[in-house]
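The values are calculated or read from the model by the stated rules, or taken from the named source; none is laboratory data. The structure presented is a predicted model; accordingly, all values stated were derived computationally and were not measured. FYI the Cβ positions are ideal-geometry reconstructions off the backbone, even for glycines, and counts take in every protein chain you see. Surface areas here come from the heavy atoms of the whole protein model, side chains and all, with no ligands, DNA or RNA. Shrake-Rupley method; radii C 1.70, N 1.55, O 1.52, S 1.80 Å.
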Amino acid sequence: MDELRKLENVQKIIQMMESHGIISSSSNTHNASSLRFLADLALLLVAPCCELYIDAKCQLIIDHVPKFSHAFFEEALQCASEQGVEQMVNTGPLDCGDKIIPDPSKMGSEDMPMIGLDAMQRANSTLEDFCRSYFMFHKMDPHQPQSIFRYLPILSFTESYIYQLDNLNEKLLQPSTGKDRSSYREYSVEAKQSWELTSVRMMTNDPFRPLCILLQQHGLLTDRIREEFSSGVEYWSLERKLCHALGSKQENSLEDVMRAIHLKSFDYRVLNLLLYQLRGEKVNDMHMEFLSTSEFLVEVSDDLFDYENDVLENSFNILRMFSRIYGASAAPAMLAKVITEAEEKYDSLLKALEPELSLNYQKRCKEATKEGGKTSGPSLGTWIIPPVIEDEELYRSNVLNSKPSTVPEWNT
């Protein structure tokens, strides 16, 4: 099956070379072997290789290929013959990170990235939104199945893996369900202690290592993707720290809160960087900056929409944090100031986008806001800040006592 797929790719490349005038279908100068060589060469050049993009690869060819000689290849062939040509050719993607890529056949279970169905289901809505909101920045049509399914396996696996880790982190934040329902646990308690200790171990011992190994084996891991994974670990750590402080009546710092809300959308940035790498394109930093600002506003909007539920679940929520820092009466005004400043930056960056892209993105934002059931947010120009819950413990106790089914359950 794999060989058939390879031959199919070779045939597609040959047809593309004909359509671009690189070779002529009417010419007799290329036999089957020559065509196969040219097709294999083209496939090699478009294959991901660390952080080398198509333009850089083309320049390397222009600069260096003319310097190769018949004598050089004779010497190279002799060298290859001594080590085994097949072994050299089939070594897989180059590792540009000066790190050893584990042999998949020798990897232990701790290095094998695995995901569950629940994580895949939770990731589905994010993947749909990513395709509809971000594909346009890559000049891709989200309504074309081939555009989606070509890159879906890597994007879906990555987002599902992130959701799986996020689920573990959420378990560590949930209020206890013992006699004192209003008390919080930062890490382990007697009930489910073994499970929690396992979760803590996974969340604190390089949780993205298995995924990094997988992406590295496929030549997709870059320094920027590594940085975003580090941002994810930092966000989860800050969420635990900030939410635990709320439950234990400790102070939170504004710096930590703002850092957390900016880190929260790290998964979208990972997916976007992966899509650049999968397509062999250079990252557009202006687009990334615009999307980062948009992500911040969307996260704030989501926090306002989910405020009451986040109080129940003891999840990170910027309004919860501002209420603790500034007090219930001043928190809405201080948050409104942050929103206004972010909107000004958003408007400025929006004007710098290509006109058609700007219009398409604004249209998509309005669609996403309405589809999510919201009546306010960045795309509609109005914001609604819900009433601040001053006594979260009392609110949570009242809700849990009136609706026993809402008590958080532990899944085994």
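The requirement of being farther than 30 Å from residue 291 by Cβ, open to solvent by less than 70 Å² (accessible area, probe 1.4 Å), at pLDDT below 60 and assigned to a helix (DSSP H, G or I) is fulfilled somewhere in the stretch 75-86, by at least one residue. Total residues in the stretch 222-237 satisfying the condition of being over 12 Å from the mean Cα position of the chain (by Cα) and surrounded by 20 or more Cβ atoms within 10 Å (Cβ to Cβ): the figure is 3.
So is residue 201 assigned to a helix (DSSP H, G or I), modelled with pLDDT of 90 or more and either of a type in the set (D, E, K, R) or touching a strand residue (DSSP E or B) at 6+ places or on another chain (Cβ under 6 Å) (or both) or not? Taking the combined requirement at face value, the residue does not satisfy it. Mind listing just one residue for me: the one in the stretch 122-148 that is in contact with a Phe, Trp or Tyr (Cβ under 8 Å, 6 or more places away or on another chain) and hydroxyl-bearing (Ser, Thr, Tyr) and, of those, most open to solvent (accessible area, probe 1.4 Å)? Here the residue is 147.
The combined condition, being more than 28 Å from residue 297 (Cα to Cα), open to solvent by less than 60 Å² (accessible area, probe 1.4 Å), at pLDDT below 95 and in contact with a Pro (Cβ under 8 Å, 6 or more places away or on another chain), is fulfilled by residue 183. For the stretch 315-351, the candidate set comprises residues that are farther than 30 Å from residue 390 by Cβ and in contact (Cβ under 8 Å) with a residue 12 or more places away in the chain; within that set, the residue that is most open to solvent (accessible area, probe 1.4 Å) is 345. For residue 69, the conditions (1) hydroxyl-bearing (Ser, Thr, Tyr); (2) open to solvent by less than 90 Å² (accessible area, probe 1.4 Å); (3) at pLDDT below 70 all hold with the exception of (3).
Only residues that are part of a helix (DSSP H, G or I) and either of a type in the set (D, E, K, R) or over 17 Å from the mean Cα position of the chain (by Cα) (or both) were counted in the stretch 150-167, giving 2. Select from the stretch 149-175 the residues that are modelled with pLDDT under 90 and in contact with a Pro (Cβ under 7 Å, 6 or more places away or on another chain) and write down the one among them that is least open to solvent (accessible area, probe 1.4 Å). It comes out as 175. Would you confirm, using the coordinates I've provided, whether residue 303 is surrounded by 15 or more Cβ atoms within 10 Å (Cβ to Cβ) and either more than 17 Å from residue 247 (Cβ to Cβ) or at pLDDT 90 or above (or both)? When the stated conditions are applied, residue 303 passes them. Among the criteria (1) in contact (Cβ under 8 Å) with a residue 60 or more places away in the chain; (2) buried (at least 21 other Cβ atoms within 10 Å of the Cβ); (3) more than 27 Å from residue 139 (Cβ to Cβ), the one residue 248 does not fulfil is (2). Restricting attention to the stretch 251-267, the residues being touching a Phe, Trp or Tyr at 6+ places or on another chain (Cβ under 7 Å), in contact (Cβ under 8 Å) with a residue 40 or more places away in the chain and open to solvent by 20 Å² or more (accessible area, probe 1.4 Å) number 1.
For (1) surrounded by fewer than 13 Cβ atoms within 10 Å (Cβ to Cβ); (2) modelled with pLDDT of 95 or more; (3) under 18 Å from residue 306 (Cα atoms), each residue gets a yes or a no:
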{"position": "353", "(1), (2), (3)": "no, yes, no"}
{"position": "357", "(1), (2), (3)": "no, yes, no"}
{"position": "364", "(1), (2), (3)": "no, no, no"}
{"position": "370", "(1), (2), (3)": "no, no, yes"}
{"position": "374", "(1), (2), (3)": "no, no, yes"}
{"position": "384", "(1), (2), (3)": "yes, no, yes"}
{"position": "393", "(1), (2), (3)": "no, no, yes"}
{"position": "404", "(1), (2), (3)": "yes, no, no"}
{"position": "407", "(1), (2), (3)": "no, no, yes"}
